[in-house]
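**Student:** I have a structure here, written as structure tokens, and I will follow up with some questions on it.
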Amino acid sequence: MIAALAKAVGQLSDPRLRAVLWRALGVSLLIFAGLWALCWLLLDWAGSVMVARLGPDTFWGEATAWMVGLGGVAAVLAASFLVFPAIMGLAQSLFLDDAAAAVEGRHYPMLPPAREQPMTEALGDGLRLAGIVIAVNMLALPFYLILSFIPPLNFFVFYGINGYLLGREYFEVVAVRRMPRAEIRAVRRERRGRIMAAGVVIAIMLTVPGLNLFSPVVATAFMVHVFHSVERRA
């Protein structure tokens, strides 16, 4: 696992991988800009309705406007943190084949050519990954809030849930280039512990500020190494 991560990080000097990184980062920033704008519009509309009912010049109206503004900032920041792995995963799915090909070309040159994944299939896999991660994290949000008073436990729950999801989904979108989906599911069940551990590593990378900007491409490269290791053992 450590060797696979070291190889993935070490390949960031590869121009092919850096090109994928900048493209994925650009798409991610555009998606986030749209989401932030939508959140602000919705919050501004909700706040305006509440203030209008209470009276804009009353104490409660002014207090509500202040609370909505402060709560809006907190909500956007919290939502960004929770959906960042999903959004970055969706962006990198558009360039997954390029990233995986760069890794295999450097570390596994004797492999036969991988199956070319159609853009619609890659986008579908990315949307599925993003949808599952966002939906599960939204459902688990009350537990995160409750467990925020128990610092060690809330981290275990957050990274455990996202490690399972990200490990499973990243493994599938990497493996589908070289395996039928039925065989992928069989291998994933057989090596679920190792794949989940890889997912936890990815989840940690995706939630560390600064590092998370590079994480989707590093995570893809990392999972390519994990996949080939698991495939050989299977």
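**Student:** What is the extension gain from residue 9 to residue 123, computed as 0.36 nm multiplied by their sequence separation minus the C-alpha to C-alpha distance, in nm to one decimal?
**Tutor:** Length gained between residue 9 and residue 123: 38.5 nm.
**Student:** Here's something else I'd like to know. Between residue 204 and residue 111, what length comes free when the chain is fully extended (0.36 nm per residue of separation minus the Cα-Cα distance, one decimal in nm)?
**Tutor:** That works out to 30.4 nm of additional length.
**Student:** Among 220, 120, 207, what is the fewest-to-most ranking by other Cβ atoms within 10 Å?
**Tutor:** Ascending number of Cβ neighbours within 10 Å: 120, 207, 220.
**Student:** May I ask you to sort 134, 202 by Cβ crowding, counting other Cβ atoms within 10 Å and putting the fewest first?
**Tutor:** Arranged by neighbour count, lowest to highest, 134, 202 become 134, 202.
**Student:** Can you sort 127, 213 by how many other beta carbons sit within 10 Å, fewest first?
**Tutor:** 127, 213
**Student:** A further question follows. For segment 148-225, what does the alpha-carbon gyration tensor say about shape, rounded, prolate or oblate, given a ≥ b ≥ c as the root eigenvalues, a/c under 1.5 as rounded, and a/b over b/c as prolate?
**Tutor:** Here segment 148-225 falls in the oblate category.
**Student:** How much length is gained if the chain between residue 233 and residue 149 is pulled fully straight, taking 0.36 nm per residue apart and subtracting their Cα-Cα distance, in nm to one decimal?
**Tutor:** Result for the pair: 26.1 nm of gain on full extension.
**Student:** Continuing with this model, one more query. Out of the chymotrypsin sites (Phe, Trp or Tyr not before Pro) in segment 94-151, which ones are loop residues according to DSSP with at most 15 other C-beta atoms within 10 Å?
**Tutor:** Answer in residue order: 149.
**Student:** Quick one: Cα centre-to-centre distance for segment 219-234 and segment 123-149, in angstrom?
**Tutor:** 25
**Student:** Within the set of other residues whose C-beta is less than 12 Å from the C-beta of residue 23, count the net charge using Lys and Arg as +1 and Asp and Glu as -1.
**Tutor:** +1
Throughout, read-outs are computed from the coordinates displayed, never taken from laboratory work. What you see is a predicted model, and the numbers here were worked out from it, not measured in a lab. Positions of Cβ are backbone-derived with ideal geometry, glycine not excepted, and every protein chain shown enters the neighbour counts.
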